[in-house]
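Report on the following structure.
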Amino acid sequence: SGSFTEMSSQGGPTPPFSTLSISHPASMITHVELYRPEKRNAMNRAFWSEMVECFSQIAVDAECRVVVVSGAGKIFTAGIDLMDMSSDFIQPVGDDSARTSWNLRRLIAKYQETFSVIEKCPKPVVVAVHGACIGGGVDLITACDIRLCTQDAWFQVKEVDIGLAADVGTLQRLPSVIGSRSLVNELALTARKMYSDEAKTCGLVSRVFPDKEAMLAGALELAGEIAARSPVAVQGTKINLIYSRDHSVADSLDYMATWNMSMLQTQDVLKSAQAAIEKKSPKEVPFSKL
Ligand SMILES: CC/C=C\C=C\CC(=O)SCCNC(=O)CCNC(=O)[C@H](O)C(C)(C)COP(=O)(O)OP(=O)(O)OC[C@H]1O[C@@H](n2cnc3c(N)ncnc32)[C@H](O)[C@@H]1OP(=O)(O)O
């Protein structure tokens, strides 16, 4: 085990990835760092595929109970790589307009999956943003479970400035993240920057730290709290919270009952209840891997 300050921004991408650096700063915690600092972590073709591969591995990794995502270098991310990506969308290919449209639709769905994998991953994902978080960066963070930022962070739903309606998650997820549809509309229709103080006030982030070092230490502490608890309870909580966001209370209660009719049979309930009676911390309970 170590600390984020020791482990972040010191190496480079972790094979087989070329845009991500993966490390394990403490037991059961995986740190995914966007790693193209010289290009401000702009999201190139490799990135869009590598995130899917990375989170598919994390989803089934019994050694991981919680994930922290951050960006290497000066800022969190400059969004889509405008040099590498734009031709796919500006000059889409196909033998006629139906086929071109079909190909484009498939491509957009593929890019949507890059961030949907974060939401589909049963392990909670904490994202730590410093400096700029632009365009695709907002799509990414709205798919995460907990958002932290530094005082110098700013957020920009930039897509209208480059001539498109944001299509990989922001318009679908941001309204439930910050509640005020008026504010969402204002941000998405004008592409104005939102700074950390407003991000905190509106609920986009839950905590603001003075600098990146303090934020990563805070993220690690938070991740440690989550990792110490029953993975059956934690993963069931994430999955049911996301389910209830998208369904009625009645449907969500029904889903919950079906969920817990098997999950309540875990040994973790007995172990945790015993620890509570004995006034022990969940950190002292050895839970089986999941
Ligand atoms: C299906 C579609 C899916 C997703 C769509 C998403 C839409 C979006 O993401 S819209 C957002 C697009 N991004 C931008 O408009 C940001 C552009 N960049 C900037 O404004 C600035 O670079 C900055 C982020 C404010 C950082 O400024 P600074 O610190 O002064 O760095 P620079 O000198 O400008 O850049 C350093 C280096 O990085 C390259 N770079 C920065 N951003 C991008 C980018 N988005 N795409 C490609 N490359 C980028 C920049 O060109 C520099 O490269 P050099 O080789 O050193 O010149």
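Of everything in the stretch 133-154 that is open to solvent by 10 Å² or more (accessible area, probe 1.4 Å) and among the aliphatic types (A, V, I, L, M), the residue that is farthest from the chain's Cα centre (by Cα) is Ile134. Are any residues in the stretch 180-227 within 27 Å of Ile162 (Cβ to Cβ) and part of a loop (DSSP other than H, G, I, E, B), and if so, which ones? Answer for the stretch 180-227, where residues must be within 27 Å of Ile162 (Cβ to Cβ) and part of a loop (DSSP other than H, G, I, E, B): Ser180, Ala191, Arg192, Lys193, Gly203, Leu204, Val205. Within the stretch 92-134, being within 14 Å of the ligand (Cβ to nearest atom), among the hydrophobic types (A, V, I, L, M, F, W, C) and without any contact (Cβ under 8 Å) to a residue 24 or more places away in the chain holds for Leu104, Leu107, Ala109. Within the stretch 155-170, restricting attention to residues that are closer than 14 Å to Ile108 by Cα and more than 8 Å from the ligand (Cβ to nearest atom), the residue that is most open to solvent (accessible area, probe 1.4 Å) is Ala165. Filter the stretch 228-238 for residues that are part of a helix (DSSP H, G or I) and of a type in the set (Gly, Ala, Ser); which is least open to solvent (accessible area, probe 1.4 Å)? Ranking the qualifying residues of the stretch 228-238, first place goes to Gly236. Output yes when any residue across the stretch 71-91 is more than 16 Å from the ligand (Cβ to nearest atom) and either assigned by TED's automatic domain parsing to the domain that holds Glu159 or buried (at least 22 other Cβ atoms within 10 Å of the Cβ) (or both), and no when none is. Checked the stretch 71-91: no residue is more than 16 Å from the ligand (Cβ to nearest atom) and either assigned by TED's automatic domain parsing to the domain that holds Glu159 or buried (at least 22 other Cβ atoms within 10 Å of the Cβ) (or both).
The set of residues from the stretch 264-275 being open to solvent by 70 Å² or more (accessible area, probe 1.4 Å) and not in a loop (DSSP other than H, G, I, E, B) comprises Gln267, Leu270, Gln274. Within the stretch 155-177, residues that are over 16 Å from Ile134 (Cβ atoms) have Cβ atoms under 9 Å from residues that are in a strand (DSSP E or B) in these pairs: Val177/Arg147, counting only partners at least 6 apart in sequence or on another chain. Looking across Leu216, Leu187, Leu241, one residue alone is closer than 30 Å to Ser272 by Cβ, open to solvent by less than 30 Å² (accessible area, probe 1.4 Å) and of a type outside the set (Lys, Arg). It is Leu216.
Restricting the stretch 14-45 to residues that are open to solvent by 30 Å² or more (accessible area, probe 1.4 Å) and within 16 Å of the ligand (Cβ to nearest atom) leaves a set whose member that is nearest to Glu113 (Cα to Cα) is Arg45. Among the residues examined, Ala98 does not qualify as open to solvent by less than 10 Å² (accessible area, probe 1.4 Å), assigned to a helix (DSSP H, G or I), farther than 24 Å from Val52 by Cα and outside the structural domain of Thr237 (by TED's automatic domain parsing).
The values are calculated or read from the model by the stated rules, or taken from the named source; none is laboratory data. Remember, predicted model here, so these are calculated numbers, not experimental data. Note that each Cβ is placed from the backbone with ideal geometry, even for glycine, and that neighbours are counted across all protein chains shown. To get the accessible areas, we keep the full protein, side chains included, count just its heavy atoms, and leave off ligands, DNA and RNA. Shrake-Rupley method; radii C 1.70, N 1.55, O 1.52, S 1.80 Å.
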